[in-house]
1. If each residue of separation counts as 0.36 nm, what is the full-extension length gain between residue A:178 and residue A:111 once their alpha-carbon separation is subtracted?
2. Can you sort B:160, A:161 by 1.4 Å-probe accessible area, starting with the largest?
3. What does the charge count near residue B:37 come to, summing +1 for each Lys or Arg and -1 for each Asp or Glu among other residues with Cβ under 14 Å from its Cβ?
4. Could you work out the relative contact order of the stretch C:5-283, using alpha carbon pairs under 8 angstrom and six or more residues apart, expressed as a whole percent?
5. What net charge do the residues around residue C:74 carry, taking every other residue with its C-beta under 9 Å from that of residue C:74, with Lys and Arg at +1 and Asp and Glu at -1?
6. Could you work out the helix-only [θ] at 222 nm for chain A, with each DSSP H run of four or more residues adding -39,500 (n - 2.57) and the total divided by the number of residues, to the nearest 500 deg cm²/dmol?
7. Past 21 Å, Cα to Cα, is the threshold; run A:214/A:252; A:258/C:252; B:252/C:258; A:252/C:252 against it and keep the listed order.
8. When the Karplus curve 6.51 cos²θ - 1.76 cosθ + 1.60 is applied with θ = phi - 60°, which whole-Hz ³J(HN,Hα) does each residue of the stretch B:191-197 get, with x for Gly and Pro?
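The values are calculated or read from the model by the stated rules, or taken from the named source; none is laboratory data. What you see is a predicted model; the values in this text were computed from it and never measured. Don't worry about glycine lacking a Cβ; one is built from the backbone with ideal geometry, like all the others, and counts go over all protein chains shown. Only protein heavy atoms, including side chains, enter the accessible area calculation; ligands, DNA and RNA are left aside. Shrake-Rupley method; radii C 1.70, N 1.55, O 1.52, S 1.80 Å.
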Amino acid sequence: MSPDSPIRERIREACAMVRQKTPLAQSFTNFVTMNLVANAQLAAGGSAAMSFLPDDIVDIDDISGASYINVGTLLPSYRETLEKIAQVFFERQSLWVLDPVAAGLGATRTAILRSFANYPPTIVRANASETIALCGIWGISLGPDSHGGMNRPAGVETVDDVDSAMPYAIELARYLRAHNSTHTAAVAVSGECDLITDGERSFRLPGGDAMMTKITGAGCSLGGVTASYLAVSDPLIAATAASLHYNRASEKAGAVAKGPGSFQAEFLDALWQTQPDEICASDIIESR
Amino acid sequence: MSPDSPIRERIREACAMVRQKTPLAQSFTNFVTMNLVANAQLAAGGSAAMSFLPDDIVDIDDISGASYINVGTLLPSYRETLEKIAQVFFERQSLWVLDPVAAGLGATRTAILRSFANYPPTIVRANASETIALCGIWGISLGPDSHGGMNRPAGVETVDDVDSAMPYAIELARYLRAHNSTHTAAVAVSGECDLITDGERSFRLPGGDAMMTKITGAGCSLGGVTASYLAVSDPLIAATAASLHYNRASEKAGAVAKGPGSFQAEFLDALWQTQPDEICASDIIESR
Amino acid sequence: MSPDSPIRERIREACAMVRQKTPLAQSFTNFVTMNLVANAQLAAGGSAAMSFLPDDIVDIDDISGASYINVGTLLPSYRETLEKIAQVFFERQSLWVLDPVAAGLGATRTAILRSFANYPPTIVRANASETIALCGIWGISLGPDSHGGMNRPAGVETVDDVDSAMPYAIELARYLRAHNSTHTAAVAVSGECDLITDGERSFRLPGGDAMMTKITGAGCSLGGVTASYLAVSDPLIAATAASLHYNRASEKAGAVAKGPGSFQAEFLDALWQTQPDEICASDIIESR
């Protein structure tokens, strides 16, 4: 058995569990891509519910395996709402995934993200620039020698590459584990070669199709599907399995699509069709 | 002529009228699925407009044949807004369809749904659990012998089956007719075998494709299309014709789709292509 | 060289620039169609970001080539927000496109549109009825002899034809140029035969597929893509190139689609595939 075969077994089991249990993972997510988030969760085997009210979210948390918060499009009332929800999740030891979309842009977004520092999520899924920016907002530094990337993304697109975000991702994962109430955590940095880390073990996941950058919500919906996986497995496995599921599905869609319109339909079909065996057989490059 | 041939004639006429008149049916609906609601209304032959402001909704009501309210995703300001709109519809004798998404979850949603008790809609379209929960919120009971289903849905999914909701649906339809200002009403319960009732006559509509549960907004968009039909026909016919149109279209899509992504595109195509003759020739099982 | 060959060269260059620079054009747009707006911008070669907060929009404006505001679905808080944003754009000489969806309906929408009179956009993209209604709201008249169209659209659909809107569009373009802070402007009226004018030169653009009226957001997403083009070219060229790109892509989609579901996917594919040479070779009928 190869050194990482236990990881592969746990990934296979996570994939099978999502399909078998259709776990509910609720979302408080942005308006642009929420339809794709829900459809991707359904296509991956899970179940979806969206809300913007604290009372709803607490009620749905009772019946959800995990939750997902995405700060892409904010309304003024969210400033107070989102901090309250993170606090409730903390008190209940609820598992949740944060997508800090456009971290570093906008005073309201920065204030909301800062308010999560004391009630951090189980998993952060972000692009490289957002990962680095979130570390800045939470005061997580790499020591005096480090040189950061830019801490301001180009809108919702990254301007940093995944490698430059790696040390930040590792520190961020350690911070999450130390400060959230479940004391388990992972960080997933999406990019040309995805990076997953729990602060101790780190995996690079090569592959995926470039057309994913030409549909809106590829990253957001991966955040939602990561929450579906988190409902049935530990954070490192959840983040890894969800990203692998995405990469294999996007490659299948990319092989047949004629453009971004057919790509989105093919991608949802491929999420639905891709089997646990294919997902856990993916290339996984571990670095410690 | 079979005993139900008048019903079939009226269904055929309703289908033809939607295509001929492209009636406007406005929506105050949830953010997740509103795009599909609008596209389904257009594909079924109608016309769409969405708003979240009372002044807009009154203005658009002037030019709409019917309206649609869906409480899936709420914002704090809706508490007052939605009651006001229901009251305006009551005073104007406007026809409207309510989709009580996730009825039973969340204090805000419950308060909003309760506020509709005095200004109830023309049609309620819901899943089985939501139908039962709405009866609970409005104090509609089946007498001392009845045993209810669960009155709390599993997020947005039903935990009860259509048969257990049947007596509730009948009482609910009678309540709507007695308390709304048009004194006509129907209730449509979606599920494996749809149920439509006006409190006197009840129809079971078998068929439809299971992939409908793997795309978000199948039920919501049926609510919107029901409003399109309500703009041109009476509530019992509108609810029946819309559900039949959905079932036939979903079967066509299911026969060719490779997964939920292609299913959604095929379903909209099939809504567009399915003819009045096919719709009114569907199986309709009447129970009195 | 034909008289309009310089126009064609500038259109070709604009198309090439959008593909080469992937310009960011941010949007404050309606909830129904914002997903299609973002996907259409990406498919046309640009980049997308959406927000509803003044602080965000100012930050994103720093890195955007142009912005897009669409008043389709409003929330109460937008009344103050949108005027403030228009004022900021005015002070910064930011380029922006306005889509006055449903102009003439609703007191809140009318108040918001009126507040833009002192800080008008660079481009207005609208249907015929909205163009005429916006002139009414801003007090732009055609003199004592003119007879207007209706100034109230049928929901979001036009009740006037493009020809009847032509004199309004010309006056509106002149008003924009005189009152915005960049002193350049264009108006694009979408319809069976699109009309583009900067107040001096006017182009009619025949073609496009009728199925565009059977998907929600065709016009809204054209507004967003017009902003992508405005980020790399002057208003007259931006509005013309974006509309031509849309017409050629919709014709390709219409030739193969089976209904509105496949049409939307094919349309995004065709936006992606259509080349600058095809776009600038389109029929352009100039009237002065």
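1. Numbers: separation 67, 0.36 × 67 = 24.12 nm, distance 2.15 nm.
Length difference between fully extended and current span is 22.0 nm.
2. Numbers: B:160 25, A:161 90 Å².
Largest to smallest exposure gives the sequence A:161, B:160.
3. Working: positive: B:125; negative: B:99.
After counting each charged neighbour, the total is 0.
4. Working: 584 pairs, mean separation 63.0, N = 279.
Worked out over the stretch C:5-283, it gives 23 percent.
5. Numbers: positive: C:79, C:109; negative: B:56.
Summing Lys and Arg as +1 and Asp and Glu as -1 gives +1.
6. Values: 11 runs with 142 residues, N = 288.
Calculated mean residue ellipticity at 222 nm is -15500 deg cm²/dmol.
7. On the way: A:214/A:252 16 Å; A:258/C:252 13 Å; B:252/C:258 13 Å; A:252/C:252 25 Å.
The answer is A:252/C:252.
8. With coefficients 6.51, -1.76 and 1.60, one gets x, 4, 10, 4, 10, 10, 8 Hz.
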